[in-house]
Structures are given as structure tokens and as C-alpha cells.
Amino acid sequence: MPIVVGTASYSNGEQQFFTDPKEFIKTVHEELPDRGSSGFMFKVMAADPETRKAIDDIVIGEFGDTNEHEIAYYQNSDAEHKEKALEDLNTALYEKMYAEQETYRSWLLSQPPEEILKHTYEYTVREDILLSLEYNDLSMEQASALLVSKAPLDDVFQDFEKIETDHMAIVQDCVSSRADSLLQQEKERQLTILNMPVYRYPASYAHEHGELEQFRASHKTNIACRDAIDTAIADNYRNNALGHGAVKQVVDQYGYNRTLFVLANTVRCKDWDGRISDDNKRWAMTVPVYEDKDAWGDDRNREFVVDRAHPGLVDLFTTQARHDFLLTQPLTKEDVQHEATRILAKLQEPMKPNSPSGTHFMAQISPDFAARATSKHMDKLMDMLPFQSICFTGLDGRKGLFATITADEDRFQPLRQHKPSVRDKLQAAPAVAKPTPVVKSKELER
């Protein structure tokens, strides 16, 4: 569940709660110059250092000055800000619930006595809910979840009414329960998105087969995934480099299948763009993406093309996503064979021992192979390398795992090729048709 990063209010009583930092920054930038006529006021809540600096830049710039603080100043004070933000969020929630209670009280006082009596229990419980918030703080996530609700006090009361108890401790449990319920709903929504299958066929096919609902849900999620990729690239691009957290940020929400599908569609739609690598273009052509024209001849697939980010960064993101997905896949016999061949060639390259001590020949095992390999794969790899002194080891001061052999080994031996097992032979051999048994005639031979 997103955390409230800021609030805004106006002289007409309108109040806004922002969970999107970009929307908060945009609102402050647009409304601050007209604060005299609109009564615009804002408050920074649980915002990250970048957002807090952006807000300060706007405010100080409004007075014709320049913010003298660099981002490091906000990063260094982040822990202190979070502590204050927790208090501010709980205060804002209490004030919102208090205002809701005052509105309810004013309405109640305008009713005839008989009607007021009917609402006595509700009014008392609502007062108790407010009282519980005076002495108990919620977490940032819980406070934010309730803040974005239109009527948090009524929400909590409706939940509490289902619980038959008079204890104040239960009131607080109900407040937390309502917040946790909202958080759980968000988790379930994310889980639904994560587990939703990618519908790869066009709308015409979906219509013919009664699957329009699946098509629309998947198409809508493709568009959301596109936006998530754009956001992840913006969030993780620093110092002319795309951070490795970008892919995880999207995959955690949408999974590899949908993320790679949206990327493949994007690359296919940009096949003319030289900023997309040929390798990614070739890969994209292996992913089935069907043409999907609407009634006006427009391609629906273009609706989930990643277009806000620079094509070069989209290319980097695609490469990272493909690589990260590969690391989740189990190794095959061919992968082990390929790695053994590569290591043997590396051991044969140097003219003299290349270990730090000068006593061994060595070659680094591919980090990707090592990340995917089980102990069984490593045993198979070692068995294929034709050396008596072969050893897989780490080296001081160097990252990774290395294959080493002594200097007196014959490095130009071929790889060991093990005979296939009986099971492998039986699985590879074509099935032999059984001979048709001869059926004797029931008539006696003469």
C-alpha cells in the first residue's frame, strides 16, 4: 500500500492526500503561485529525500532564491524525517477523523431528540475510536491506508459494530484491523495481477471464443505493466547507469511472463530504432505477439508500448530482464557441455601458469552458470573436464569461482564424454512396433 507523502488543502475546505510523489510535486508547483486566491496550503509527510528536495526547490524558488542544500543533506536527515513523518501521519489521521466526527455531531444536533437517541451508541463508539488514536500510533502504512479513505472513522465504526465487545483494547484492534484489511486487499490485488495469465491472442479471437473478459483484463494489465516499466527506469536510472533493481521492481508486481511479453511487443514495434540492439530484436521475434487491429485499423498492441523512457534505456532494461529471467531457469545438459567446452578452451589459452602463485592454470567459471548450478551440475562439469588435479575454488581478492589444474597436466586432452545410460538410450530409441500374433483358425487341421 502506498504511503501518504503529502497533503494539500484549500480555502473552500477541499483536502487532498497524495501517495504519488510526482502528483504531489506537480500540485505544489502549479498551486503555490496562486495560494493568495485559492488559500492553498500543503504539508510534506512521509516523502523520500528526492521529493523533499524537489518541494524545497519549488518553495525557495517561489521567493526568487536557490535551494543551497544538495540531495545528501536530505539523505542524511532521512531517519529524523521518517520519525517526524510517522507522528505527522497519525496527527493528520486524527484530525481527519475528528473533522468527520464534528460533521456527524452537527448533523446529529439538527435532528429531533428521538433520532438523536437512536444514534447514541454510534456517537459514543466513534468518540472512543478517536480516544484510542490519542494514545496509540499506527504504522505509516496503516495510517496512510486510512487517510486515503473518504470516511475512515465510519469505516472503523462499521467494522467495530460487527464485534460484540465493550473493551477499549478491541477498539484499537479494530482500527488496526481495518488498516490491515486495506493492506491485505492491496496484496490480494497485486497477487491477482501477478498470477493473471498473459492473453496473447487478439480481440477478434477472444470475441469468437467467448474470452473477451480475459482479453480485457490482460490488456489492461499490459498497459499497467508498461507504466510500471517506465516508472522503474525513471526510479533506477542514476549516474548514467540503470540500477539492477529496476527489473525486480516490475517483476515483483507483474511477473516475468508479462514483463517480457510487454518488452517483446515494445521491441517489435521499434524494430526500426537503431538504439535497440540486434540481439534484443532477434529475441523479440521469437515471442509470439499477434496483430490486433481495432475497428479503425489501429494496432491495439501499441497501447502497451514502453514509450516514455529513452529507447536506449528500454534496451538496457530488456537485456537485464532477459538475463534475470535466464538465471531462474534450470540448467540443461547442453548448458553443462557448453560451460565445460568454454572452461577447457580458457585453460588452454595461456602460455604459462596464470594463477596468482604461478603454479596452476586457471579459468573462471561463468558467474551465470554458477548462479544457476546445483551441486549435481557442478559434479557433472567436473567429471567432463579431463584433468586429475581439477579443482573448483575461490581466490583471495577475486570474485567468483575458478577451475584450477596443476602446471604439469596435459591441457590439450579432449573433454570426457560419458556413455549415455540405459534409460537415456531407451528414451531416445524409436518405439518398435510389436509383431502381430498369429491367430490360429478355430477349424481343425486336416
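The values are calculated or read from the model by the stated rules, or taken from the named source; none is laboratory data. Not measured: the values here are computed from a predicted model. Every residue, glycine as well, gets a Cβ built from its backbone with ideal geometry; the counts of neighbours run over all protein chains shown.
What is the residue count in the range 26-43 for residues that are under 29 Å from Met140 (Cα atoms) and either at pLDDT below 90 or not aliphatic (A, V, I, L, M) (or both)?
Within the range 26-43, residues that are under 29 Å from Met140 (Cα atoms) and either at pLDDT below 90 or not aliphatic (A, V, I, L, M) (or both) number 10.
Is it true that Asp128 is in contact with a strand residue (DSSP E or B) (Cβ under 8 Å, 6 or more places away or on another chain) and free of Cβ contacts under 8 Å to residues at least 60 places away in the same chain?
In short, no.
If you scan the range 62-98, which residues turn out to be within 28 Å of Pro33 (Cα to Cα), more than 35 Å from the chain's Cα centre (by Cα) and not charged (D, E, K, R)?
Hits for the range 62-98 are Phe63, Gly64, Thr66.
Run down Glu70, Glu87, Glu23, Glu50 and say which single residue is surrounded by fewer than 17 Cβ atoms within 10 Å (Cβ to Cβ) and closer than 24 Å to Arg178 by Cβ. I'd like the intermediate steps shown before the answer.
On the way: Glu70 fails: closer than 24 Å to Arg178 by Cβ; Glu23 fails: closer than 24 Å to Arg178 by Cβ; Glu50 fails: closer than 24 Å to Arg178 by Cβ.
Just a single option satisfies the conditions, and that option is Glu87.
Within the range 225-236, is there a residue that is within 20 Å of Asp292 (Cα to Cα), in the same structural domain as Phe261 (by TED's automatic domain parsing) and touching a residue at least 12 places away in the same chain (Cβ under 8 Å)?
For the range 225-236, residues within 20 Å of Asp292 (Cα to Cα), in the same structural domain as Phe261 (by TED's automatic domain parsing) and touching a residue at least 12 places away in the same chain (Cβ under 8 Å): present.
Among the candidates Lys346, Lys380, Lys376, which residue alone is part of a helix (DSSP H, G or I) and in contact with a helix residue (DSSP H, G or I) (Cβ under 6 Å, 6 or more places away or on another chain)?
Of the residues listed, the single one that is part of a helix (DSSP H, G or I) and in contact with a helix residue (DSSP H, G or I) (Cβ under 6 Å, 6 or more places away or on another chain) is Lys380.
Condition first: surrounded by 16 or more Cβ atoms within 10 Å (Cβ to Cβ) and not charged (D, E, K, R). Now tell me which residues in the range 371-381 satisfy that. Working first, answer last.
Restricting attention to the range 371-381, the residues satisfying the condition of being surrounded by 16 or more Cβ atoms within 10 Å (Cβ to Cβ) are 372-373, 377-378, 380-381.
Residues satisfying the conditions are Ala373, His377, Met378, Leu381.
Every residue, every condition in (1) in contact (Cβ under 8 Å) with a residue 12 or more places away in the chain; (2) not polar (S, T, N, Q), yes or no:
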{"residue": "Lys22", "(1), (2)": "no, yes"}
{"residue": "Phe40", "(1), (2)": "yes, yes"}
{"residue": "Pro49", "(1), (2)": "yes, yes"}
{"residue": "Thr66", "(1), (2)": "no, no"}
{"residue": "Ala92", "(1), (2)": "yes, yes"}
{"residue": "Gln101", "(1), (2)": "yes, no"}
{"residue": "Trp107", "(1), (2)": "no, yes"}
{"residue": "Gln111", "(1), (2)": "no, no"}
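Can you confirm whether Leu131 is exposed (fewer than 14 other Cβ atoms within 10 Å of the Cβ) and part of a helix (DSSP H, G or I)?
Values: exposed (fewer than 14 other Cβ atoms within 10 Å of the Cβ): yes; part of a helix (DSSP H, G or I): yes.
Taking the combined requirement at face value, the residue satisfies it.
Residues in the range 183-220 that are closer than 30 Å to Leu147 by Cα, surrounded by fewer than 15 Cβ atoms within 10 Å (Cβ to Cβ) and not charged (D, E, K, R): how many?
Of the residues in that region, 6 qualify.
Among the residues of the range 130-157, how many are among the β-branched types (Val, Ile, Thr) and at pLDDT below 90? Explain how you work it out, then say what you get.
The initial filter retains those residues of the range 130-157 that are among the β-branched types (Val, Ile, Thr), namely 148, 156.
If we keep only those that are at pLDDT below 90 too, we end up with 148.
Of the residues in the range 130-157, 1 are among the β-branched types (Val, Ile, Thr) and at pLDDT below 90.
In the list Ala169, Ala179, which residue meets the criterion of being modelled with pLDDT under 85 and under 21 Å from Asp137 (Cβ atoms)? Don't jump to the end; show me each part of the working.
Details: Ala179 fails: modelled with pLDDT under 85.
Result of the check over Ala169, Ala179: Ala169.
Looking at Glu141, Glu115, Glu95, which is the one that is assigned to a helix (DSSP H, G or I), farther than 20 Å from Lys43 by Cβ and of a type outside the set (Ser, Thr, Tyr)?
Glu115
Kindly indicate which of Ala46, Ala54 is at pLDDT 90 or above, of a type in the set (A, V, I, L, M) and under 29 Å from the mean Cα position of the chain (by Cα).
Step by step, each of Ala46, Ala54 is checked, and only Ala54 is at pLDDT 90 or above, of a type in the set (A, V, I, L, M) and under 29 Å from the mean Cα position of the chain (by Cα).
Rundown of residues vs (1) charged (D, E, K, R); (2) under 23 Å from the mean Cα position of the chain (by Cα), yes/no style:
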position: Arg300; (1), (2): yes, no
position: Asp307; (1), (2): yes, yes
position: Gly312; (1), (2): no, yes
position: Glu334; (1), (2): yes, no
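Identify, from the list Val287, Val267, the residue that is assigned by TED's automatic domain parsing to the domain that holds Leu212, on the phi < 0 side of the Ramachandran plot, crowded, with 17+ Cβ neighbours inside 10 Å and of a type in the set (Val, Ile, Thr).
Val267
Across the range 144-179, what is the number of residues that are part of a helix (DSSP H, G or I) and closer than 30 Å to Ser218 by Cβ?
Final tally of qualifying residues: 2.
In the range 392-409, which residues are over 15 Å from Asn354 (Cβ atoms) and either part of a strand (DSSP E or B) or in contact with a Phe, Trp or Tyr (Cβ under 8 Å, 6 or more places away or on another chain) (or both)?
Phe392, Gly394, Lys399, Leu401
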